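As structure tokens, the structure follows; a few thoughts come after it.
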Amino acid sequence: AELDLIKISEDESLPKAKKIKIRTVQNNLETRVAVQGWIHRLRLQKGVAFITLRDGTGYIQAVLSGDLAKARTTQELTIESTVVIKGVISKLPEGKSAPGGVELKADYYEVVGLAPSGDEAFTNKVQENADPSLLLDQRHLALRGEALSSVMKVRAALLRAIRRFFQEEGLLEVTPPCMVQTQVEGGSTLFKMDYYGEEAYLTQSSQLYLETCLPALGDVYCVQESFRAEKSHTRRHLSEYTHIESELAFIEFDDLLSHLERLITTTVGYVLEDPEAGPLIQQLNPGFVAPKMPFKRMEYIHALDWLNEHGIPNEDGEKFKFGDDIAEAAERKMTDTIGVPILLIRFPVEIKSFYMQKCKDDPRVTESVDVLMPNVGEITGGSMRTYDYDELLASIKRENLDLDSYYWFTDQRKYGTCPHGGYGLGTERILAWLCDRFTVRDCSLYPRFTGRCKP
Ligand code: 4AD
């Protein structure tokens, strides 16, 4: 009853509070501010309440004392409730710690939305050690957690860095369609859809469209969703992922490889320099060191030797022989053991896509590359493209693809062909490597994979 008598009211004689976002606290020291956000952590003690407030741009500790702390409203606050807290921000004295080394001394606050307590309480919905599939059902709430939201911030910084790098290298951004009628990476992973009565697919890669842009726009790139109906559950496959792809005209295979090294080292450098993302990477992946150029280059055929020498079998449990696919497990073992980024090059024709240029010195292999990173494996796949018209037609036929639906692609070889190449990077794979996540699912906002299309 005594608590009910305490009324929280704002002292009108105080200076008007300046509305701020938490990321600007350091510029607003000793100013009366209003911070709006979600209660991230809450500690209620006798006569004092500590609230860690979160607004997506950062965290700040607010301290409520006196009547503010004693009021019933304060005693009934819950995690994830939204509040507006007004007060003055000041630096914490030596020896005390809180986010940003500051504290908000509250003189007034209002509840905007009280979150449930009891069974429905946030902490019951999102339990740290819960079954991953239960957590995925609650993804909309789980995103509020520190690790997941940090990865999403690094993700934004990575995409910013990639765009900055492409701009500096003179590539133009385009946005190809997601609904298409051609396959790029094999029929087994196509998502088919009914398109006004015609068969269409969700795109597996924007590569073919990027190739058509070269004569019009020069070197191009896109950041577009790609879709793969992957049947197997693995830690690095999603059904929908953000595909960073680029295509470069009048280059040779070696130019492609050095471009890839530059891309990775430069963008990782930009992300590490980023005042927000850099420290987050160190938190998520302590001791992470950016890779340096040049990367180790290894031919497919030498990778087979390495695997055989190290007793790592192929998918049939036998010694690797030319033409075998190096599947995920073997590839990871090799990459983790070698422990540095690898450009794995010159894959056999039969295990790679129809559009890949054959090597001049050995037509059994292609001018192709996979970039392999420790702890994740393949993060990028690229190649030079077959630019001879007849040779491309022969490949399309060899793969039993419907030639007619590729007329716009083969036309590129008719109306001014040129040697060119490109690659695709899986955004979630790079993030899994950068942020040391066990699976790419932790690097996507709302991951899609077999059996999971909600929320
Ligand atoms: O190696 P992929 O299949 O190559 C292509 O799609 C080319 N057409 C790209 C190009 O040259 N423009 O895929 C490229 C990258 C992979 O290295 C991997 O990082 C990512 O895309 N990737 C996936 N990421 C998550 N889930 C999946 N199911 C993925 N499939 C490929």
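The values are calculated or read from the model by the stated rules, or taken from the named source; none is laboratory data. What you are looking at is a predicted structure, and each value in this text was computed from that prediction instead of being measured. Positions of Cβ are backbone-derived with ideal geometry, glycine not excepted, and every protein chain shown enters the neighbour counts.
Figures for the structure shown
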read-out: Filter result for ASP255 (in the same structural domain as LYS360 (by TED's automatic domain parsing) and within 19 Å of ILE345 (Cβ to Cβ)); value: yes
read-out: Subset tally (residues that are assigned to a strand (DSSP E or B) and under 11 Å from ILE60 (Cβ atoms)) for the stretch 15-32; value: 1
read-out: Residues within the stretch 144-180 that are surrounded by 14 or more Cβ atoms within 10 Å (Cβ to Cβ), more than 19 Å from GLY424 (Cα to Cα) and not small (Gly, Ala, Ser), tallied; value: 6
read-out: Residue match in the stretch 130-152 (condition: among the acidic types (Asp, Glu) and touching a helix residue (DSSP H, G or I) at 6+ places or on another chain (Cβ under 7 Å)); value: no
read-out: Residue match in the stretch 398-405 (condition: among the aliphatic types (A, V, I, L, M) and more than 13 Å from the ligand (Cβ to nearest atom)); value: yes
read-out: Neighbours by Cβ (under 7 Å, 6+ apart or cross-chain): first from the stretch 399-423, within 23 Å of LEU171 (Cα to Cα) and touching a residue at least 24 places away in the same chain (Cβ under 8 Å); second basic (Lys, Arg) and within 16 Å of the ligand (Cβ to nearest atom); value: HIS420/ARG385; GLY421/ARG385
read-out: Single residue of the stretch 186-237 satisfying the filter (in a strand (DSSP E or B) and of a type in the set (S, T, N, Q)) that is farthest from the ligand (Cβ to nearest atom); value: GLN224
read-out: Pair list, Cβ < 7 Å and 6+ apart or interchain, from the stretch 7-27 residues that are assigned by TED's automatic domain parsing to the domain that holds LEU68 and at negative phi to residues that are assigned to a loop (DSSP other than H, G, I, E, B) and hydrophobic (A, V, I, L, M, F, W, C); value: ILE8/ALA71
read-out: Hey, HIS259 under 23 Å from ALA147 (Cβ atoms), not hydroxyl-bearing (Ser, Thr, Tyr) and not in a strand (DSSP E or B) or not; value: no
read-out: Residue within the stretch 302-313 that is within 16 Å of the ligand (Cβ to nearest atom), in the same structural domain as SER368 (by TED's automatic domain parsing) and surrounded by fewer than 20 Cβ atoms within 10 Å (Cβ to Cβ) present; value: no
read-out: Extreme residue, farthest from the chain's Cα centre (by Cα), among residues of the stretch 407-433 that are within 14 Å of the ligand (Cβ to nearest atom), part of a helix (DSSP H, G or I) and closer than 25 Å to ASP219 by Cβ; value: PHE409
read-out: Pair list, Cβ < 9 Å and 6+ apart or interchain, from the stretch 208-231 residues that are within 16 Å of SER383 (Cα to Cα) to residues that are of a type in the set (Lys, Arg); value: GLU211/ARG385; TYR221/ARG163
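Listed here are the residues, each with its yes/no results for (1) within 16 Å of the ligand (Cβ to nearest atom); (2) within 30 Å of GLU261 (Cβ to Cβ); (3) under 16 Å from the mean Cα position of the chain (by Cα); (4) assigned to a helix (DSSP H, G or I).
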| position | (1), (2), (3), (4) |
| --- | --- |
| VAL154 | no, yes, yes, yes |
| ARG163 | no, yes, yes, yes |
| PHE166 | yes, yes, no, yes |
| GLY170 | no, yes, no, no |
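Yes/no per residue for (1) outside the structural domain of GLY424 (by TED's automatic domain parsing); (2) over 19 Å from GLU245 (Cβ atoms); (3) free of Cβ contacts under 8 Å to residues at least 24 places away in the same chain:
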position: ALA130; (1), (2), (3): yes, yes, yes
position: ARG144; (1), (2), (3): no, yes, no
position: ILE162; (1), (2), (3): no, no, no
position: LEU172; (1), (2), (3): no, no, no
position: GLU185; (1), (2), (3): no, no, no
position: PHE191; (1), (2), (3): no, no, no
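Table: residues versus (1) part of a loop (DSSP other than H, G, I, E, B); (2) closer than 24 Å to VAL268 by Cα; (3) within 15 Å of the ligand (Cβ to nearest atom).
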| site | (1), (2), (3) |
| --- | --- |
| PHE320 | yes, no, no |
| ASP324 | yes, no, no |
| ALA330 | no, no, no |
| VAL340 | yes, yes, no |
| LEU344 | no, yes, yes |
| VAL369 | no, yes, yes |
| LEU393 | no, no, no |
